[in-house]
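**Student:** To start, I am sharing the structure in question, which I have written as structure tokens.
Every number in this text was worked out from the coordinates using simple rules, so none of it is lab data. Keep in mind the model is a prediction, meaning the values are calculated, not measured. Note that each Cβ is placed from the backbone with ideal geometry, even for glycine, and that neighbours are counted across all protein chains shown.
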Amino acid sequence: MLDGLPEQVDAVRRGEVLFVLNHSLDPVTVEVPGTHHDLLTGTAVTDRVTLGRYGAAVLRS
């Protein structure tokens, strides 16, 4: 789904929504080109999202 993801990160697209999941104890920053709206936090995400330990982002373009 996204190029160059760290081994501990999964990304899955379902329709207009992109789920990005960190399966690690360590925080990680993931490149997500473009501008998105994080449905979990209500914030705008531009080009990258930082996921906390075992964190998730649910992004809509």
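**Student:** Only residues that are farther than 20 Å from D3 by Cβ and surrounded by 13 or more Cβ atoms within 10 Å (Cβ to Cβ): list them for the stretch 13-39, please.
**Tutor:** Within the stretch 13-39, H37, D38, L39 meet the criteria.
**Student:** What pairs come out if I take residues in the stretch 40-61 that are loosely packed, with under 12 Cβ neighbours inside 10 Å and pair them with residues that are basic (K, R) and in a strand (DSSP E or B) whose C-beta lies under 6 Å away, six or more apart or interchain?
**Tutor:** Hits for this filter: zero, empty list.
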